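Novice: Next up is a structure, given as structure tokens.
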Amino acid sequence: MENNTKFSDLGISAEILRAVEEMGYTQPSEIQTQAIPFVLEGRDVIGQAQTGTGKTAAFAIPIIDLVDPEYNRPQAIILCPTRELAVQVEGEIQKLAKFHKRINSVAIYGGESIDKQIRVLKKGVQIVVGTPGRVQDHINRGTLKLEDAGIIVLDEADEMLDMGFRDDIEAILQEMPEQRQTVFFSATMAKPIMDLTRKYQTDPQIIKVAKKELTVDRIEQVFYEVKPSLKMELMTRLMTVNNYALSVVFCNTKRMTDEVTESLGSRGILAEALHGDLSQAQRDKVMGKFRKGLCTVLVATDVAARGIDVDNVEAVFNFDLPLDEEYYVHRIGRTGRAGKSGTAINFVTGRRDFMKIRDLEKFTKATIAKMDPPSVSDLIELKKAQLVKDVYRHLSKEEDNQIFEATIGQMLAEGLSMDQIALGLLKMTMGDAVKEMRDQDFALPSFNERRREGGRDGGRERGERGGRFERGGSDRFGRGERGEGRRERREGGRDSRDGGRRPERVRDANMARLFLNLGKKDRIRPNDIVGAIAGEAGIPGRSIGGIDIFDNFSFVDVPQKDADHVIRTMKHNTIKGKSVNMEISKG
């Protein structure tokens, strides 16, 4: 049934209506239509809603209208599972409360100075948004008192319980007045959630958003059959062909996020990992880079990705298919936001994955189409089109062309025709790239073909390593499996420690080799070096050449014309918190 409700029908204040109109909202979502009136009435509510359904405004709007702006004490508490979601929710509250001049809010979470948070709390706020651990910390310190808090919201309650916050949540609830309003929002209604509601809610109003509301229609969902050892090559190829401005890659484990991030970095793609092992400051920095476009790919686990709200994500890659359907809906909801379209790309590596795709189709009530990988000819056509653009761009530059014209004249004088000159220059520009793409071409046989080849699911590919992609051999940056050491041992037959002899490498005359004072002992990875140079010096990651990392130092090849700029820029920056000293290699 079509929802014809307007925000003005929900009984909210003129100030909120003005803010909603300024934010561009024209009509409340289903969860907002159902939840706002009950929260305004003071009812306890259980809302089953997924990210992307507008649930933040469903509780933020009535809370802003319920608190007393004349009373500068915490009156509403909102608990979130992650720092990112807490910041996002508090930011939404600020926008919605824009015309309520005396209503103040604060986000409190670990990883930020607690003294700063204490100062804000002392000044007085009506609405507190925070993670359970930091809220409990403030309660224990006496810097947050809840005797006047009449409403508490548990946002993404299922995630908080999964993350082990139950004790903190119950301790916070017990600090609040007995006569309070308790609101739960959760993607699922699992037994632990229902146990909490029975213990802490009174006659709650249960609201469920239909599953059709959980899937964004603007997201194209597709899958590729691919051998596990070739997932990385396929993903890189798709990123190259489609040239996504921003994309998110989902993995099921923290270890895999690091491996995928490192492998993307070694291919010149600026990627950053986001998982639970990162400190809040590190997560802050990663998200800042992603929002500003300083890295184009975010590689994340499901829990770490909660609260990511970036409008320009064009594609989501499920490098590993999620463990359950709810996670899938959350993942693909990272794209197709703010009225834009997006693509969700799934990698299928065996019969189990294929059956999971069918289950996801039933759950989302959408078709997930099978796609063929981009061919070598597709990549060559892309390279040709880019070359034409580059030629036009260089021809349009106003500069002294005498030296170039003289060089052409010299070639003509030596008997070369203009066609031969053009052909030679094209080979110099594209030859290596075309050869590399042909060398990397891969077939993706169907499941039936793989069964004929090797039994169930075709058996394991050699080097598949139990399902993880194979990173052996040198990629186009000359970096082998898990760093350069193994490649050099294969080529030179010696252990390439600091005192060992480096194998000779044929280098491009247009590249300069730089020495830097950081190495394996500093836990430096190729991706760290590529990201630092590209992010700080503004040089495209794809233009950075070979990287060799030793115990106490490293080498990196950069375009000759950029070498001095890189050295000057990096002199004032750090990699992984360590000061960098770069200079032209004398070897």
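Novice: Would you pick out the residues in the stretch 132-155 that are more than 33 Å from the chain's Cα centre (by Cα) and surrounded by 24 or more Cβ atoms within 10 Å (Cβ to Cβ)?
Specialist: The one that is more than 33 Å from the chain's Cα centre (by Cα) and surrounded by 24 or more Cβ atoms within 10 Å (Cβ to Cβ): Leu144.
Novice: So which residues in the stretch 118-134 are under 22 Å from Gly276 (Cβ atoms) and either of a type outside the set (Lys, Arg) or out of contact with any Phe, Trp or Tyr (no Cβ under 8 Å at 6 or more places or on another chain) (or both)?
Specialist: Matches in the stretch 118-134: Val129, Gly130, Thr131, Pro132, Gly133.
Novice: Can you name the residue in the stretch 302-311 that is at pLDDT 70 or above and farther than 26 Å from Ile533 by Cα and is also surrounded by the most Cβ atoms within 10 Å (Cβ to Cβ) among such residues?
Specialist: That would be Asp302.
Novice: From (1) assigned to a loop (DSSP other than H, G, I, E, B); (2) more than 28 Å from the chain's Cα centre (by Cα); (3) at pLDDT 70 or above, pick out the condition that doesn't hold for Gly499.
Specialist: Gly499 satisfies all of (1) assigned to a loop (DSSP other than H, G, I, E, B); (2) more than 28 Å from the chain's Cα centre (by Cα); (3) at pLDDT 70 or above except (3).
Novice: When the residues of the stretch 569-587 are narrowed to those that are charged (D, E, K, R) and at pLDDT below 85, which ends up nearest to Asn510 (Cα to Cα)?
Specialist: Lys586
Novice: Still on this structure: Hey, among Asp158, Asp162, which residue is buried (at least 20 other Cβ atoms within 10 Å of the Cβ) and either assigned by TED's automatic domain parsing to the domain that holds Gly142 or over 21 Å from Ile63 (Cβ atoms) (or both)?
Specialist: Going through Asp158, Asp162 in turn, the sole match is Asp158.
Novice: List every residue pair whose Cβ atoms lie under 6 Å apart, where the two residues are 6 or more positions apart in sequence or sit on different chains, the first residue falls within the stretch 228-246 and is over 9 Å from Ala315 (Cβ atoms), and the second residue, located anywhere, is surrounded by fewer than 21 Cβ atoms within 10 Å (Cβ to Cβ) and among the small types (Gly, Ala, Ser).
Specialist: Pro228/Gly467; Ser229/Gly463
Novice: Name the pairs whose Cβ atoms lie under 6 Å apart, with the first residue in the stretch 23-43 and assigned by TED's automatic domain parsing to the domain that holds Val183 and in a helix (DSSP H, G or I), the second of a type in the set (Ser, Thr, Tyr) and at pLDDT below 95, and 6 or more positions between them or separate chains?
Specialist: Listed by first residue and then by second, the contacts come to Ile31/Thr53; Thr33/Thr5.
Novice: For the stretch 37-68, which residues satisfy the criterion of being of a type in the set (Asp, Glu) and out of contact with any strand residue (DSSP E or B) (no Cβ under 8 Å at 6 or more places or on another chain)?
Specialist: Glu41, Asp65, Asp68
Novice: Here is a further query. Return the pairs, sorted by first residue and then second, in which the second residue is surrounded by fewer than 19 Cβ atoms within 10 Å (Cβ to Cβ), the first residue lies in the stretch 154-167 and is part of a loop (DSSP other than H, G, I, E, B), the beta carbons are less than 9 Å apart, and the residues are 6+ apart or on different chains.
Specialist: Going by the 9 Å Cβ cut-off, the qualifying pairs are Met163/Gly276; Met163/Val303; Phe165/Gly133.
Novice: Let me ask you something else. What single numbered condition from (1) closer than 24 Å to Asp258 by Cβ; (2) part of a helix (DSSP H, G or I); (3) of a type outside the set (Ser, Thr, Tyr) fails to hold for Phe363?
Specialist: (1)
The values are calculated or read from the model by the stated rules, or taken from the named source; none is laboratory data. On a predicted model such as this, the values are computed, not experimentally measured, just so you know. Note: ideal-geometry Cβ built from the backbone for every residue, glycine included; neighbour counts use all protein chains shown.
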